[in-house]
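I have placed the structure first, in the form of structure tokens, so that the comments after it can refer back to it.
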């Protein structure tokens with residue numbers, strides 16, 4: 001495959017995933033708008049806390065997906081065995097997590113100050129299909145089946161706003177809302193099962209266990225590592241809002257939180273680039289070209305977004321909350337730039353996972369600690385924003401240096417050539 005052909009395929013697949021992920025994100029955002037308007041502050045506050053808890057629980061889903069995608073892409077000749085083991089591990093992990101959350105539901109009720117333990121039970125129910133879908137999506141991602149994967153992402157967003165909205169209309173309270181979210185999570189799992197149902201089946205030889213190339217223990221170890229690595233990035237990308245609540249007064253913390261709306265938008269805008277690039281980054285020869293193209297794509301999107309926030313600042317202000325937050329207007333472009341830096345960091349963290357790296361993740365945790373400790377010494381929005389941007393930029397440079405050899409030496413994958421023995 002030529003370099004031009006690789007770029008063409010990258011653009012084509014990225015476009016398909018961009019549309020599906022954008023629709024899913026808009027639909028998910030639509031559910032939060034429906035819930036906020038229909039439930040009121042008390043009930044929606046509980047729903048927002050439950051959705052935040054679901055994001056943390058979803059770290060396991062992302063770990064499953066990254067593990068499956070990396071192994072399938074790196075060893076496509078063993079796809080049947082990998083699929084068999086990943087689906088089996090996915091079921092076990094999902095059911096185990098659901099059971100743990102079920103046992104902890106009384107504690108979750110008190111911690112999140114819910115109206116009923118039944119509400120917390122629905123959170124445990126939602127965790128099962130959510131994490132099972134992560135295993136299915138990872139297999140499809142590793143096989144580069146972008147059409148089927150697009151359907152899975154669409155099934156994540158559209159049923160949430162449709163089913164969740166219907167439940168809220170039926171009974172506008174927190175229990176009905178999270179029940180709708182839990183039932184809507186079944187749809188992507190069903191789509192994933194449908195997409196994988198016709199694949200070749202792997203029948204393990206129980207008499208020769210040593211022949212298995214992907215034993216369950218190794219898969220579980222990789223899932224645990226990938227999950228904690230993504231948890232590190234999740235913690236880092238949300239550390240500043242926690243710091244703002246303690247280092248700044250309530251007004252300035254609110255101003256900072258409004259600016260972070262644009263940061264999060266810039267972080268999730270290029271999410272499709274990470275999804276498409278990850279399988280190629282999991283192969284020895286494709287790692288360098290895929291990472292270069294992805295960094296360029298994320299950078300270009302970031303430049304466009306940052307310039308837009310600078311020259312169209314009044315329009316950007318409407319997006320983050322309106323006239324009540326005019327104090328943040330002149331700094332919106334910095335928040336957009338911070339989102340771009342975080343998006344590139346996310347890509348590099350996935351690049352570390354794609355090559356099976358371990359030590360670079362410690363840099364992410366170290367940066368998280370620095371932001372927490374140093375951030376508490378700031379007293380202004382600009383000071384905290386500058387500190388966070390500087391720490392994230394330093395981490396970005398450090399992770400780029402760890403990938404310098406791969407970027408310099410990797411060659412494009414020739415998918416038409418026979419695989420080396």
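Bear in mind these aren't lab numbers, they're just calculated from the coordinates by the rules spelled out. Just so you know, these numbers come straight off a predicted model, no measurement behind them. When we count neighbours, we look across all protein chains shown, and the Cβ atoms used for this are built from the backbone with ideal geometry, even at glycine.
Summary table
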{"quantity": "Cα-Cα separations in segment 292-395 greater than 15 Å, expressed as whole percent", "calculated": "68"}
{"quantity": "Virtual spin-label span in nm between residue 190 and residue 393, 7 Å along Cα→Cβ", "calculated": "5.0"}
{"quantity": "Convex hull of segment 3-200 built on C-alpha atoms - directionally averaged projected area, nm²", "calculated": "11.3"}
{"quantity": "Listed peptides 360-369, 270-279, 245-254 by packing density, highest first (mean Cβ within 10 Å)", "calculated": "270-279, 360-369, 245-254"}
{"quantity": "Estimated FRET transfer efficiency when R0 is 22 angstrom, pair residue 217-residue 365 (beta carbons, to 0.05)", "calculated": "0.35"}
{"quantity": "Relative frequency of Cα-Cα separations exceeding 13 Å in segment 30-89, percent", "calculated": "70"}
{"quantity": "For segment 78-192, diffusion coefficient by Stokes-Einstein and Kirkwood Rh (Cα), 4 °C, 1.567 mPa s, µm²/s", "calculated": "87"}
{"quantity": "Rg over Rh, two decimals, segment 219-409 (C-alpha only, Kirkwood Rh)", "calculated": "0.99"}
{"quantity": "Cα pair distances of the chain binned at 10 Å [whole percent]", "calculated": "5, 20, 31, 28, 13, 3, 0, 0"}
{"quantity": "Helix-only mean residue ellipticity at 222 nm for the chain, each DSSP H run of n ≥ 4 adding -39500 (n - 2.57), per residue, nearest 500", "calculated": "-28000 deg cm²/dmol"}
{"quantity": "Å³ per residue enclosed by the Cα convex hull of segment 260-339", "calculated": "70"}
{"quantity": "Spatial separation of Cα centroids for segment 312-334 and segment 364-393, in angstrom", "calculated": "22"}
{"quantity": "Footprinting exposure proxy for 101, 151 (fewest neighbouring C-beta atoms within 10 Å first)", "calculated": "151, 101"}
